[in-house]
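Scroll down for the structure; my scribbles are underneath it.
The values are calculated or read from the model by the stated rules, or taken from the named source; none is laboratory data. Nothing here was measured: the structure is a model prediction, and the numbers come from that model. Backbone-built Cβ (ideal geometry, glycine too); neighbour counts: all protein chains shown. The area values use the complete protein model at the heavy-atom level, side chains included, leaving out ligands, DNA and RNA. Shrake-Rupley method; radii C 1.70, N 1.55, O 1.52, S 1.80 Å.
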Amino acid sequence: MSDSYEAPRQRMVETVAPRVDDDRVLEALASVPRHEFVPAARRDRAYADRPLSIGDGQTISAPHMIAIMTDLLAADPGDEVLEIGTGCGYHAAVTAELVGDEHVYTVEYSDELAEQARDRLAALGYDGVSVRVGDGRHGWPENAPYDAAYVTCAAVSFPEPIVEQVRAGGQLLGPIGAGRQTLVDATKRPDGSLDRTDRGSVRFVRMRG
């Protein structure tokens, strides 16, 4: 990890800290080299609190949004977590810091982004993260049930296969809405329905597929 990025990374952590209750999230953000996940031409902006383009029409979310989602997820070591929308792999790496990389399963629609994320994660020591190319709306049934699933792209509702793959009492988190999007934090009831809590307005790229 290049020393030249330590100061901006620490400033990023300090910027998002007021939005986070779990110190483990701040430790994860301090540990993951965000600059390694953005295109070389944008690395000077890697730690600014803003989304950045990563190619193929996709973005890496602003640090505060990843911090908020990771904090809301409240995952514990050993929890099995499904991510829909790998992108560059940064969010998966942050999640891996909390649960362990071998407990993170992530699905990416773009072949190119998935391959780049897989190589990048492995090179940075997160080689246990499982990356799959596919339509995220179908989740990843082979590794179900999951303790939690989060979506990094907007959908009209949580896709039913993803809901089915989360255990009863497990959590779903993601931007939901056809026009205006809301970050929805939901717990799966024993009957399969969702107990939803709205966490505010957000703006994400739409789910592809």
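State the number of residues belonging to the stretch 51-76 that are buried (at least 19 other Cβ atoms within 10 Å of the Cβ) and part of a loop (DSSP other than H, G, I, E, B).
Residues flagged as buried (at least 19 other Cβ atoms within 10 Å of the Cβ) and part of a loop (DSSP other than H, G, I, E, B) within the stretch 51-76 amount to 2.
Looking at the stretch 115-129, is at least one residue modelled with pLDDT of 95 or more and on the phi > 0 side of the Ramachandran plot?
Yes: one or more hits.
Go through the stretch 140-189 and report how many residues are open to solvent by less than 10 Å² (accessible area, probe 1.4 Å), part of a strand (DSSP E or B) and modelled with pLDDT of 95 or more.
So the answer is 14.
Could you please find all residues in the stretch 77-104 being closer than 20 Å to ALA186 by Cβ, touching a strand residue (DSSP E or B) at 6+ places or on another chain (Cβ under 8 Å) and either of a type in the set (Gly, Ala, Ser) or open to solvent by 10 Å² or more (accessible area, probe 1.4 Å) (or both)?
Those that are closer than 20 Å to ALA186 by Cβ, touching a strand residue (DSSP E or B) at 6+ places or on another chain (Cβ under 8 Å) and either of a type in the set (Gly, Ala, Ser) or open to solvent by 10 Å² or more (accessible area, probe 1.4 Å) (or both): ASP79, GLU80, GLY85, HIS91.
Across the stretch 1-47, what is the number of residues that are more than 20 Å from the chain's Cα centre (by Cα) and of a type in the set (Gly, Ala, Ser)?
5
Can you name every residue in the stretch 106-139 that is among the β-branched types (Val, Ile, Thr) and either surrounded by fewer than 23 Cβ atoms within 10 Å (Cβ to Cβ) or in a strand (DSSP E or B) (or both)?
Passing the criteria: THR106, VAL107, VAL131, VAL133.
Can you tell me which residues in the stretch 7-50 are without any contact (Cβ under 8 Å) to a residue 60 or more places away in the chain, open to solvent by 50 Å² or more (accessible area, probe 1.4 Å) and closer than 28 Å to ASP76 by Cβ?
Selection gives GLN10, GLU14, THR15, PRO18, ARG19, ASP21, ASP23, ASP49.
Report every pair of residues separated by at least 6 positions or lying on different chains whose Cβ atoms are under 9 Å apart, first residue within the stretch 84-105 and within 19 Å of ALA62 (Cβ to Cβ) and in a strand (DSSP E or B), second open to solvent by less than 20 Å² (accessible area, probe 1.4 Å) and of a type in the set (A, V, I, L, M, F, W, C).
Listed pairs, sorted by first residue: ILE84/VAL107; ILE84/ALA149; ILE84/VAL151; ILE84/CYS153; ILE84/ALA155; ILE84/ILE162.
Restricting attention to the stretch 143-200, which residues are of a type in the set (D, E, K, R) and either more than 19 Å from GLY78 (Cβ to Cβ) or in contact (Cβ under 8 Å) with a residue 24 or more places away in the chain (or both)?
If the condition is that a residue be of a type in the set (D, E, K, R) and either more than 19 Å from GLY78 (Cβ to Cβ) or in contact (Cβ under 8 Å) with a residue 24 or more places away in the chain (or both), then ASP147, GLU160, GLU164, ARG180, ASP185, LYS188, ARG189, ASP191, ASP195, ARG196, ASP198, ARG199 are the ones that fit.
Could you please give the count of residues in the stretch 52-101 that are closer than 20 Å to ILE162 by Cβ and of a type in the set (D, E, K, R)?
Of the residues in that region, 3 qualify.
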